[in-house]
1. Check whether at least one residue in segment 55-63 is among the basic types (Lys, Arg) and surrounded by fewer than 16 Cβ atoms within 10 Å (Cβ to Cβ), and report yes or no.
2. Considering every residue within segment 221-238, establish whether at least one is touching a Phe, Trp or Tyr at 6+ places or on another chain (Cβ under 8 Å) and either free of Cβ contacts under 8 Å to residues at least 24 places away in the same chain or farther than 21 Å from residue 311 by Cβ (or both).
3. Looking only at segment 247-301, which residues are of a type in the set (Asp, Glu) and without any contact (Cβ under 8 Å) to a residue 24 or more places away in the chain?
4. So in segment 148-165, with the set limited to residues that are of a type in the set (A, V, I, L, M) and assigned to a loop (DSSP other than H, G, I, E, B), which one is farthest from residue 127 (Cα to Cα)?
5. Determine, yes or no, whether residue 170 is in contact with a Lys or Arg (Cβ under 6 Å, 6 or more places away or on another chain) and under 26 Å from residue 36 (Cα atoms).
6. For segment 127-147, give me each residue that is charged (D, E, K, R), free of Cβ contacts under 8 Å to residues at least 40 places away in the same chain and either assigned to a strand (DSSP E or B) or under 22 Å from residue 265 (Cβ atoms) (or both).
7. If you go through segment 104-122 one residue at a time, do you hit one that is without any contact (Cβ under 8 Å) to a residue 12 or more places away in the chain, within 28 Å of residue 250 (Cβ to Cβ) and in a loop (DSSP other than H, G, I, E, B)?
Amino acid sequence: MARFDTDVLVIGGGPAGLAAAIAARRHGFRVMLADPAHPPIDKACGEGLMPDALCALAALGVKVPAERGLPFRGIRFLDGEVAVDARFGPGLGLAIRRTELHQALAERAAQAGVELNWDTPVLGLAPDGALLGEESVSCRWLVGADGGTSRVRRWAGFKVWERRARYGFRRHNRTAPWTDMVEVHWGPGFQIYVAPIAAREVGIALLCRDPGLRTDDALEFFPELAARLKDAPRLSLERGGITAMRKLPSVTQGHIALVGDASGAVDAITGQGMCLSFQQALALADSLAAENLEAYEIAHRRIMRRPRLMANFLLLLDRHPRARAEVMRIFERHPGLFTALLSYHVGAVSRAVQRLLGQAARKSAAMY
């Protein structure tokens, strides 16, 4: 008779939790997942998956049908009169609605044999597991994947350091995309992201420091973009959320491990939140198979290092418009630099870019 009800109990059924459950099943573990909601679960977030995120999804065995999203080939920055863009090189990104991605992950988890407990409230931790509703479930390992305000993290007493939060808002408009890139429009203290979601749909995401700012207010700073969207009907309500730089001294404790936003986060300005969750899920599953959570600690620090450097660099540009204007002019004169930056952002190695971002990160950290 098995000592535990399950090998791995995942608390949280968002993309991070589903990825962790799928990755654990690929190693042959018995996996149970619990979430008080039911898929597909929507959330205010950017909806562009970079090439490295798609690679991690492929490693999980998750195939997103082409009709569920729209490929994009790179990133374009626009600041005043200056616009610079770069292609990813090999590979493409994929713009996809959060609900479509969540549904694809839920379907893959079910196919993989994960025991999915939707509409199941998690009321607390037990010495050998957790309380799912009125039932106590024991497990060999417990995975907290319940987001930035993680109750698992709080219940278990993990320490956390968080930098001042910013705010994000997202909606969709019906109009034909005018580019096959994700555009980032830089404004005073905010950014507007435009992603081509489908043949007749774009996603609009606003990131800002002002909780009272809304997308229509921000669009006033971009007349050309506002004109494109003026007669484009809204396809969704404007959802809001919080984004922050969050770091934990440790992401494991006893038999508990954290993944996704529960384990730390970078500002959504990087667009790498999903990718980090998928990469962490793969690393955690490998560590569980080796019965070595210290290996996950090491892998987690490695996975987070590059996105943190990028986030600090981009937040530095956000807070200092004059410096951003100069950087944009440099990118305009030397487009290869922007291409190198984007390549580094999606996982290509560049020591020169890493040194540049390290200097920016130290400056940014000193200002907070």
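The values are calculated or read from the model by the stated rules, or taken from the named source; none is laboratory data. The shown structure was predicted, so the numbers you read here are calculated from the model rather than taken from an experiment. Cβ sites come from the backbone with ideal geometry, for glycine too, and all protein chains shown count toward neighbours.
1. First, the residues of segment 55-63 that are among the basic types (Lys, Arg): 63.
Still in the list and also surrounded by fewer than 16 Cβ atoms within 10 Å (Cβ to Cβ): 63.
Checked against the condition, which is being among the basic types (Lys, Arg) and surrounded by fewer than 16 Cβ atoms within 10 Å (Cβ to Cβ), segment 55-63 yields at least one hit.
2. yes
3. Step one: list which residues in segment 247-301 are of a type in the set (Asp, Glu), which gives 261, 267, 286, 291, 294, 297.
Answer for segment 247-301, where residues must be of a type in the set (Asp, Glu) and without any contact (Cβ under 8 Å) to a residue 24 or more places away in the chain: just 291.
4. The first filter runs over segment 148-165 and keeps only residues of a type in the set (A, V, I, L, M), leaving 152, 156, 160, 165.
Restricting the remaining residues to those that are assigned to a loop (DSSP other than H, G, I, E, B) gives 160, 165.
Working: 160: 22, 165: 33 Å.
Among them, the one singled out is 165.
5. On the way: in contact with a Lys or Arg (Cβ under 6 Å, 6 or more places away or on another chain): yes; under 26 Å from residue 36 (Cα atoms): yes.
The answer is yes for residue 170.
6. Going residue by residue through segment 127-147, those that are charged (D, E, K, R) are 128, 134-135, 140, 146.
Then keep just the ones that are free of Cβ contacts under 8 Å to residues at least 40 places away in the same chain; that gives 134-135.
Once the filter is applied, which keeps residues that are charged (D, E, K, R), free of Cβ contacts under 8 Å to residues at least 40 places away in the same chain and either assigned to a strand (DSSP E or B) or under 22 Å from residue 265 (Cβ atoms) (or both), segment 127-147 yields only 135.
7. Step one: list which residues in segment 104-122 are without any contact (Cβ under 8 Å) to a residue 12 or more places away in the chain, which gives 107, 110-111.
Now narrow it down to the ones that are within 28 Å of residue 250 (Cβ to Cβ): none.
Looking for residues that are without any contact (Cβ under 8 Å) to a residue 12 or more places away in the chain, within 28 Å of residue 250 (Cβ to Cβ) and in a loop (DSSP other than H, G, I, E, B), one finds none in segment 104-122, hence no.
Residue by residue, here is whether (1) at pLDDT 95 or above; (2) outside any helix (DSSP H, G or I); (3) crowded, with 17+ Cβ neighbours inside 10 Å; (4) of a type in the set (Phe, Trp, Tyr) holds:
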position: 191; (1), (2), (3), (4): yes, yes, yes, no
position: 221; (1), (2), (3), (4): yes, yes, no, yes
position: 237; (1), (2), (3), (4): no, yes, no, no
position: 250; (1), (2), (3), (4): yes, yes, no, no
